[in-house]
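Please read the structure below before turning to the comments.
The values are calculated or read from the model by the stated rules, or taken from the named source; none is laboratory data. Just so it is clear, the model here is predicted, and its values are computed rather than measured. Backbone-built Cβ (ideal geometry, glycine too); neighbour counts: all protein chains shown. SASA here: full protein model, heavy atoms, side chains in, ligands and nucleic acids out. Shrake-Rupley method; radii C 1.70, N 1.55, O 1.52, S 1.80 Å.
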Amino acid sequence: MTNYPAITMFFIFVFATLMITYWAAKRTKSRSHFYAAGGKITSLQNGLAIAGDYMSAASFLGISGLVYLSGYDGLIYSIGFLVGWPIILFLLAERLRNLGDYTFADATSHRLDQIKIRSLAACGSLITVALYLIAQMVGAGKLIQLLFGLPYEFAVVIVGVLMILYVSFGGMLATTWVQIIKAVLLLSGATFMAIAVMWTTGFSFETLFEKAVSVHPQNYSIMQPGGLVSDPISAISLGIALMFGTAGLPHILMRFFTVKDAKDARKSVFFATGFIGYFYILTFIIGFGAIMLISTNPEFLNANGGLIGGNNMAAIHLANAVGGDMFLGFISAVAFATILAVVSGLTLAGASAVSHDLYASVFKKGKVNEKDELFVSRISAVTLGCVAIFLGIIFEQQNVAFMVGLAFAVAASANFPILFLSMYWKKLTSNGALIGGGVGLMTATILVILGPAVWVDVFGNDEPVFPYKYPALFSVTTAFIVTWLFSIMDKSKSSKKEINAFDSQFIQSQIGLKKE
Amino acid sequence: MKSSLEKKIINNQDFKSLVKKRSFISWLLSAITLLTYFCFILLVAFFPEVLGLKISEESIITIGIPIGVSIILLAFASTGIYVFIANREFDKTEKKILKKNK
């Protein structure tokens, strides 16, 4: 099955984004352009771009699929994803913008040892980016295979090549505009679907839920919490992972440097929270609409009564049901665009960690000319893209469901604690941060491997060694305790200097006064 | 190793009150968000049936749905409140401090 309307619309999108890349490439002459779009993005644009980074294909198709499968549980998940945003605004966004230039490591290493802290931050960033990227690539290959009827390898290569073009030529400017366009398309498409669903019920939520309950196999249970989170430890641990993980994702944190000052950083989070919240309410309606309209329609079901292509296809089938072939094509093209935009953001964040943190600050100790750094970041983007294509292809038959969870766990346990403590706790020292962040990273990784997602689902053992699916409660706590312990035990001369530098950093973080 | 300018700012009354106000608002709003969210999560974990109560006799809608949607709206509203206060109050004080200490 080759889906021609979808392919046509996708070509239009690709053509438009390549034009933007060409335009952006002419403007991307310096480091500040490449990493941060010259700081010229407005707060509304940045809000859309942040929301775009967050509204990945996984969250659009995954959450509407989860609502389709078990109703209310999907809403619980969305809420967890959203509530991290106010916290980022209240505690991090402005300080981060005031302290950093291009990557979040600029802020964490502000008064600490450049080599130690940048290496740690780059490690945390690259691991988060790699896991997220593999999960997206494999998801992209399978989705495109299903939607467009293209072979898996071909789909992965197209995604990889396009993202390399956007990032290496157009830098942050192109990446941001690709993200903005996609966010607008996705929000419009989802709005249309939600309105179409409500139109069939005469705009009555009562009718929507009644019809859904009457056809869903679990009936009334879809109106209340089900099996998603069964015990309190898992519930809290999931909450911590979603909340603090969001605050430690390098490709999201990087977006705060694309606006001109702390005030715009603040406003971008406000816009982003609004768009993301609106989007989650739409996916909830879309999920229930899918229960009502497609779960009984044999056109969308396979021989066993399940959805063709799995539950994650609920939103795609609904697009067909409410808008016909053309709208199905539009939503498929938007799903493809979504993947492209998100992997581009990830690649840019990974490339910046290599060129700005590792190459310029660790390897060259800050003595680097701008041209070389720019060259290294472009090469890193190409390399990362090739690695992503390669891993995407070899992981085709693997179960990658744990990877996004692990990415969030690593971000919450290695990136977030150090970023937070460097700004809020005077006595944090480089040694404490390095050991604490490292231990957080290891703990998160080991607990995920020993937990049900890898030990049972991937390795095929009967019982997990570590019983919880989400390790964040334990790994984040460990990271904080170890960082605290090794910081207060650190009596070295350099650590005294770092503690003394806190006040000056504090002034800058509060009012943006740069040290001359 | 602090510069004299930094010493001046850190002892400046405006700066002190800015820091105090901002951290009060930040932590208060954070606490409200965290508390709401973790109460909700604990309700999900311990008393899921409470969220399954109907909003009225005739309705099929459970109270879990308006509660969930309200948390989403609350998250958005709290960012709005913070931005509103910061735009009105903090930015002015910041400018004042920077101007005075140029």
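Please identify every one of the trypsin sites (Lys or Arg not before Pro) in region A:341-425 that sits in a loop by DSSP and has no more than 16 other beta carbons within 10 Å of its own beta carbon.
Values: sites: A:Lys364, A:Lys365, A:Lys367, A:Lys371, A:Arg378; in loops: A:Lys364, A:Lys365, A:Lys367.
Sites meeting the loop and neighbour criteria: A:Lys364, A:Lys365, A:Lys367.
Taking accessible area as the heavy-atom solvent-accessible surface of the protein chains with a 1.4 Å probe, which residues of region B:42-91 lose no less than 50 Å² upon going from the isolated chain to the full protein assembly?
Those are B:Val44, B:Ala45, B:Ile60, B:Ile61, B:Ile65, B:Ile72, B:Phe76, B:Thr79, B:Tyr82, B:Val83, which lose 50 Å² or more relative to the chain on its own.
Over region A:263-392, with the other protein chains present, what is the accessible area per residue in square angstrom, probe 1.4 angstrom? List each step's numbers first, then the result.
Values: 4410 Å² over 130 residues.
Each residue of region A:263-392 exposes 34 Å² on average to a 1.4 Å probe.
With only alpha-carbon atoms in the gyration tensor, what are the semi-axes of the equivalent ellipsoid for region A:351-412, in Å, largest first? Write down the numbers at each step before the final one.
Numbers: eigenvalues 175, 50, 8 Å².
With the √(5λ) rule applied to region A:351-412, the semi-axes are 30, 16, 6 Å.
Would you jot down the residues in region A:241-283 that end up with at least 40 Å² less accessible area in the complete protein assembly than in the chain alone, with a 1.4 Å probe?
A:Met243, A:Arg266, A:Phe270, A:Ile281
Does region A:146-208 classify as rounded, prolate or oblate by the C-alpha gyration tensor (a ≥ b ≥ c root eigenvalues; a/c under 1.5 gives rounded; else a/b over b/c gives prolate, otherwise oblate)? If you can, show how the numbers build up before the last one.
On the way: a/c = 5.99, a/b = 1.92, b/c = 3.12.
Oblate, since a/c reaches 1.5 and b/c is not below a/b.
Just need the relative contact order of chain A here, percent rounded to a whole number, with Cα pairs under 8 Å and 6+ apart.
Values: 872 pairs, mean separation 152.3, N = 516.
30 percent.
Using every alpha carbon pair in region A:356-456, what percent of pairs falls into each 10 Å bin from 0 up to the bin containing the largest distance?
Pair shares across the bins are 13, 26, 35, 22, 3.
Of all the accessible heavy-atom surface of region B:4-100, with the other protein chains kept in place and a 1.4 Å probe, what percent is carbon and sulfur?
Numbers: 3740 of 5360 Å².
Ligands and nucleic acids excluded, carbon and sulfur give 70 percent.
Structure shown: which of A:Lys40/A:Lys263; B:Lys21/B:Lys95; A:Lys182/A:Lys263; A:Lys496/B:Lys20; A:Lys260/B:Lys8; A:Lys260/A:Lys364 lie over 20 Å apart, alpha-carbon to alpha-carbon? It would help to have the intermediate numbers written out before the result.
Numbers: A:Lys40/A:Lys263 13 Å; B:Lys21/B:Lys95 16 Å; A:Lys182/A:Lys263 25 Å; A:Lys496/B:Lys20 26 Å; A:Lys260/B:Lys8 27 Å; A:Lys260/A:Lys364 28 Å.
Among A:Lys40/A:Lys263; B:Lys21/B:Lys95; A:Lys182/A:Lys263; A:Lys496/B:Lys20; A:Lys260/B:Lys8; A:Lys260/A:Lys364, the Cα-Cα distance tops 20 Å for A:Lys182/A:Lys263; A:Lys496/B:Lys20; A:Lys260/B:Lys8; A:Lys260/A:Lys364.
If you keep only loop residues by DSSP, which chymotrypsin sites (Phe, Trp or Tyr not before Pro) in region A:182-242 have at most 11 other Cβ atoms within 10 Å of their Cβ? Could the numbers behind the result be given before it?
Values: sites: A:Phe192, A:Trp199, A:Phe203, A:Phe205, A:Phe209, A:Tyr220; in loops: A:Phe203.
Within region A:182-242, the qualifying chymotrypsin sites (Phe, Trp or Tyr not before Pro) (loop, at most 11 other Cβ atoms within 10 Å) are A:Phe203.
Per DSSP H run of n ≥ 4, the term is -39500 (n - 2.57); total these for chain A, divide by its residue number, and report the mean residue ellipticity at 222 nm rounded to 500 deg cm²/dmol.
Details: 21 runs with 370 residues, N = 516.
Value at 222 nm, helices only, nearest 500: -24000 deg cm²/dmol.
Ignoring any ligand, DNA or RNA, what whole percent of the accessible area of region A:342-492 comes from carbon and sulfur when the probe is 1.4 angstrom? Each step should come with its number before you reach the end.
Details: 4460 of 6380 Å².
C and S fraction of accessible area: 70 percent.
Mind checking how much accessible area A and B bury in total, 1.4 Å probe, in Å² rounded to 100?
Details: alone 20530 and 8310 Å², together 24010 Å².
Counting both chains, the buried surface is close to 4800 Å².
State the three equivalent ellipsoid semi-axes of the protein assembly as shown, derived from the C-alpha gyration tensor as the square roots of 5 times its eigenvalues, in descending order and whole Å.
Details: eigenvalues 307, 156, 113 Å².
Sorted largest first and rounded, they come to 39, 28, 24 Å.
For region B:1-98, run through the trypsin sites (Lys or Arg not before Pro) and keep only the ones in DSSP coil with at most 15 other Cβ atoms within 10 Å of their Cβ.
On the way: sites: B:Lys2, B:Lys7, B:Lys8, B:Lys16, B:Lys20, B:Lys21, B:Arg22, B:Lys54, B:Arg88, B:Lys92, B:Lys95, B:Lys96; in loops: B:Lys2.
Those that pass, being in a loop and sparsely packed, are B:Lys2.
Please give every one of the aspartates and glutamates within straight-line cross-link reach of A:Lys211, meaning a C-alpha to C-alpha distance under 17 Å, and leave out same-chain neighbours fewer than 8 residues apart.
Within the straight-line limit of under 17 Å, A:Lys211 reaches these aspartates and glutamates: B:Glu58.
So how far apart, in nm, are the two label points at B:Asn101 and A:Gln397 if each is 7 Å from Cα heading toward Cβ?
6.4
Would chain B count as rounded, prolate or oblate if I go by the C-alpha gyration tensor, calling it rounded below 1.5 in a/c and otherwise prolate when a/b exceeds b/c, oblate otherwise? Don't jump to the answer; show the numbers that get you there.
Details: a/c = 6.40, a/b = 3.13, b/c = 2.04.
It comes out prolate by the Cα gyration axes.
Quick one: length gained pulling B:Glu57 to B:Gln13 fully straight, 0.36 nm per residue minus the C-alpha distance? All intermediate terms of the calculation are to be shown ahead of the outcome.
Details: separation 44, 0.36 × 44 = 15.84 nm, distance 5.86 nm.
The span from B:Glu57 to B:Gln13 would gain 10.0 nm if fully extended.
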